[in-house]
1. Looking at (1) within 26 Å of B:N319 (Cβ to Cβ); (2) part of a helix (DSSP H, G or I); (3) away from chain B (no Cβ under 14 Å), which is the one condition that is false for A:I325?
2. Considering each of A:A223, A:A214, A:A244 in turn, give the residue that is facing another protein chain (nearest Cβ under 7 Å), in contact with a strand residue (DSSP E or B) (Cβ under 9 Å, 6 or more places away or on another chain), within 20 Å of A:R301 (Cβ to Cβ) and in contact (Cβ under 8 Å) with a residue 40 or more places away in the chain.
3. State whether the residues of the stretch A:79-96 include one that is at pLDDT 90 or above, of a type in the set (S, T, Y) and surrounded by fewer than 21 Cβ atoms within 10 Å (Cβ to Cβ).
4. What do you reckon, is A:R229 among the basic types (K, R) and either farther than 28 Å from A:G169 by Cα or touching a Ser or Thr at 6+ places or on another chain (Cβ under 6 Å) (or both)?
5. Please count how many residues of the stretch A:379-395 are away from every other protein chain (no Cβ under 14 Å) and either free of Cβ contacts under 8 Å to residues at least 60 places away in the same chain or not in a helix (DSSP H, G or I) (or both).
6. Does B:G13 count as modelled with pLDDT of 85 or more and within 14 Å of another protein chain (Cβ to nearest Cβ)?
7. How many residues are surrounded by fewer than 22 Cβ atoms within 10 Å (Cβ to Cβ), of a type outside the set (D, E, K, R) and in contact with a Phe, Trp or Tyr (Cβ under 8 Å, 6 or more places away or on another chain) when one looks only at the stretch B:359-390?
8. I'd like the full set of residues that are open to solvent by less than 10 Å² (accessible area, probe 1.4 Å) and more than 25 Å from B:E271 (Cα to Cα), limited to the stretch B:319-342.
2 protein chains.
Amino acid sequence: MSQDRQPSVVTAGELATYLRDGRARSLSELAAAFGLSRSTVKQRVDELLGIGLVAQTGEAVSTGGRPSSQYRLQADAWLIVGIDLGATHSVVGILDLNGQVLDSVEAVIDIADGPQKVLDGAVRDIHTLLERISRSGQDLMAIGVGLPGPVEHASGRPIDPPIMPGWNGFDVPGYMASHFQVPTLVDNDVNIAALGERTIAWPDTDELVYLKVATGIGAGIIAGGTLQRGAQGTAGDIGHIRVASGARNVCRCGNVGCLEATASGAVIARELRSRGLDAADSAGVVALAQQGDIVTTQLLREAGRVIGEVLTACVSFLNPSVSVIGGRIAFAGEHLLAGIREVVYNRSMPLATRDLAIVRARTGGDAALIGASVLAAEHVLSPEFIQELVAQRAA
Amino acid sequence: MSQDRQPSVVTAGELATYLRDGRARSLSELAAAFGLSRSTVKQRVDELLGIGLVAQTGEAVSTGGRPSSQYRLQADAWLIVGIDLGATHSVVGILDLNGQVLDSVEAVIDIADGPQKVLDGAVRDIHTLLERISRSGQDLMAIGVGLPGPVEHASGRPIDPPIMPGWNGFDVPGYMASHFQVPTLVDNDVNIAALGERTIAWPDTDELVYLKVATGIGAGIIAGGTLQRGAQGTAGDIGHIRVASGARNVCRCGNVGCLEATASGAVIARELRSRGLDAADSAGVVALAQQGDIVTTQLLREAGRVIGEVLTACVSFLNPSVSVIGGRIAFAGEHLLAGIREVVYNRSMPLATRDLAIVRARTGGDAALIGASVLAAEHVLSPEFIQELVAQRAA
């Protein structure tokens, strides 16, 4: 045997991963791609047909010889639920495996009502949506949830979330499993926004930093192609980094000089109110900026410079190729981004910013919803998960 | 076929990865671990025996039945060369696959002599070492090189390295291949020090930041278990992050307030000289600190606080579980680390520092040498590389 070549092999899960680009392929193409026989590849394709993940797409015109069937991953064969929960909003959507929103529903909530009440609302929304798109709960494969606070990703439990009374340590996947017999993946809202933005707008980028600038400020970090959560899941929790220009600002955390106490939507709104302007919250800041109010635009540019200082440190540490600025304040015109760019490009080493794009989020308000679904889709499309489904079906 | 269970498979490369813990195992144990038949596992083991990576380790006492042979990875079957080049030093070593130094030789060099002269010296050192340990060049499998500047890891070429005239774009792997027909992997010295420290001292840690505090300041970042190089290979190039307390300090980069212009060994030495003390360089700083000079210890603590400010930002972004402080200045007593700890623990969110260790490097001066060998060993122990060797042998 040691004189033979090592036989190459592929599992159904690996084949599914290969087909995730959505392109239809013939058995011959697949056999060539893996260096395997057509019959071996056919066995794996049959397994994927058996679990409904792959569809046969009719006869392709072949170059001479018999016409050949083609196979592609059915992105909408399996349904994924995305749930984006904020302090005061809930967005529940049903998406396909590629993060395309099939339908969604928004509601005003109070996250402080606690997990049962908030999640029960989401469960009702899921049933409503399934009915609206005329699909069976049988097609639902997984649920992704984004929460506005720190989450222990492995267990899906919030950890000491500051604005979520009643949620600390709550078993979100366990609660959802009592309603739907599918896995539930949970992460914090900024992490999933980073995932969503990457999937939709920057699929070929392995180094991406997503900054959310809203009432608070947070970051989601993709490095080496992987969402980085850190040792305790607090990676990207940048609101309390000390900034040079923040010396006079007392933060709710008890320290002074925090980024969030200097450049967040809440701080800008407060400053505008102190000058007699009508800005109850981040939405008020955006409204004033869109009216061209000069005080607001000046404050936004200055906030951008402060955020740029922190992003410069991030660029030095991680050398991303894309920095996405999202969150409500990012959509208050160009001034915030102009301030960020000014500082980052001026303060960074030339090589680190040679190909660095600093851009507004393209997914807009849907980033978290899409990201929640991506988190769940990644799970069910993993070779291990698919392998288990194939084995269950075969047993 | 769709009614059969998916046959499990393992490649020789995957089996080698499994055996990397160094423990000897019987065929039955291996078969059980992979859910395969003994005969299938035996084929893969024979392939690894054939390329010399695995050895049979005599008969184990089995619990009844016939005694069974055991197999383990031979860490010293293959030799790895590590080369640690600094501005003025060269350390060349021969190491085993686990990063154990079999022998090494140090020399004083000038990196500005250019790549041919410096690398020719390393080539002579390798021949000397092979002779000293009485091993053939045939056993040499790969070379790892650490350089004191930015490196494009994929090509192994330095990119605009500030202190390495003549090295810009030089094809280090190509040059080494003209002397030894093995792959050469190149990275910057701080990245490989992070790898070395992790391998030797923190093998179970997936989130580690290594700060080198010497004449300059740099960082190596391991996140999600992977060394992060960033989009252009400048990840960890933190010397020019602006620090609040550095406003008066002009940096060689042309900006003011850079970390390196405020808290590096070079800056501390200059400050000591301006006060009439004898500190030509970082080594002079260490000597004064070890004599208990109070001005030096105060400057070290203050430098620690400044570095702590930057490390706090890193902790917020990445939430590491270990921050290793290496480089010559880290060994000038406890004052630097005390200053770092004071700021990081005071300024970070409690959850991020709950289990954060801030410790001095354990590998000391060998971190870069070991890391260079780890970089090369990872390459030759990859399933793909082993698979290719097996196929070559079988062909």
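1. (2)
2. Among A:A223, A:A214, A:A244, only A:A244 is facing another protein chain (nearest Cβ under 7 Å), in contact with a strand residue (DSSP E or B) (Cβ under 9 Å, 6 or more places away or on another chain), within 20 Å of A:R301 (Cβ to Cβ) and in contact (Cβ under 8 Å) with a residue 40 or more places away in the chain.
3. yes
4. In short, no.
5. Residues meeting the conditions: 2.
6. no
7. Qualifying residue count, the stretch B:359-390: 3.
8. Result: B:N319, B:P320, B:V322, B:S323, B:V324.
The values are calculated or read from the model by the stated rules, or taken from the named source; none is laboratory data. Values in this document were obtained by computation on a predicted structure and should not be read as measured data. Note: ideal-geometry Cβ built from the backbone for every residue, glycine included; neighbour counts use all protein chains shown. For accessibility, only protein heavy atoms count, side chains too; no ligands or nucleic acids. Shrake-Rupley method; radii C 1.70, N 1.55, O 1.52, S 1.80 Å.
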